[in-house]
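The values are calculated or read from the model by the stated rules, or taken from the named source; none is laboratory data. This is a predicted model, so every value here is computed, not measured. Methodologically, a virtual Cβ is constructed for each residue, glycine included, from the backbone with ideal geometry; neighbour enumeration extends over all protein chains shown.
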């Protein structure tokens, strides 16, 4: 119910009377508001929510214990689309590269000992997770792949020379094999088993060639250190052919 201002003030209007209050009992009333003034409110003032900057969030990460590193490295390698640099892994975990090396070794041993479906594969300062060689035919069947095509004897011989003596130039490969290697080298690069890894600092600056991560995967090797010793020091394709047969 609205009341005219002169009635409420001139007659000593008791606002509580109409609200069921006993006559004569006064009720506090608000002062008239000036035109354009904001309406009063009983709500508490809103304090802006605190924000956390990326730098501050980084400081919230708890220090790592050494026994946490293998599992964390496994997580980083799992989400990495490409072979990861050791230096980048160390930077992400805020540890020394020596700590990463030790944790990778522990992770590799655990995978082998527990017959896990994954393996740690390494090539110099890069590392990645791969499926176990024993799982290869099942992975191929599941993905609908056909990786059964074999390399020719000439390709295996050239690949063996590169694998055991890398890095080396095309001329050096031909000197070992005694035949031209242009076509074979193109085939190996097309299969992503070999790649240029540098250039020799001499006239013409010829390319130096080395094996790839795909080479390790093709032969089911975890690293180049897993290559078997050569019989009588001879570089032949039969060594790689035997490895290939054992992993298929």
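This table checks each residue for (1) surrounded by fewer than 12 Cβ atoms within 10 Å (Cβ to Cβ); (2) without any contact (Cβ under 8 Å) to a residue 24 or more places away in the chain; (3) assigned to a helix (DSSP H, G or I).
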{"site": "98", "(1), (2), (3)": "yes, yes, yes"}
{"site": "101", "(1), (2), (3)": "no, yes, yes"}
{"site": "104", "(1), (2), (3)": "no, no, yes"}
{"site": "109", "(1), (2), (3)": "no, yes, yes"}
{"site": "122", "(1), (2), (3)": "no, no, no"}
{"site": "128", "(1), (2), (3)": "no, no, no"}
{"site": "136", "(1), (2), (3)": "no, no, yes"}
{"site": "142", "(1), (2), (3)": "yes, yes, yes"}
Among the residues of segment 221-244, how many are under 18 Å from residue 129 (Cβ atoms) and at pLDDT below 85? 0
Taking the criterion of being at pLDDT 90 or above and surrounded by 14 or more Cβ atoms within 10 Å (Cβ to Cβ), would at least one residue in segment 49-65 satisfy it? no
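Is there a residue in segment 169-184 that is under 25 Å from residue 78 (Cα atoms), free of Cβ contacts under 8 Å to residues at least 12 places away in the same chain and touching a helix residue (DSSP H, G or I) at 6+ places or on another chain (Cβ under 8 Å)? Spell out the reasoning first.
Of all residues in segment 169-184, those under 25 Å from residue 78 (Cα atoms) come to none.
No.
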Answer yes if at least one residue in segment 66-75 is within 21 Å of residue 221 (Cα to Cα), touching a strand residue (DSSP E or B) at 6+ places or on another chain (Cβ under 8 Å) and surrounded by 12 or more Cβ atoms within 10 Å (Cβ to Cβ), and no otherwise. yes
Give just the number: which of (1) within 24 Å of residue 116 (Cα to Cα); (2) assigned to a loop (DSSP other than H, G, I, E, B) does residue 214 not satisfy? (2)
Go over the candidates 214, 202 one by one and state the one that is surrounded by fewer than 18 Cβ atoms within 10 Å (Cβ to Cβ) and under 19 Å from residue 237 (Cβ atoms). 214
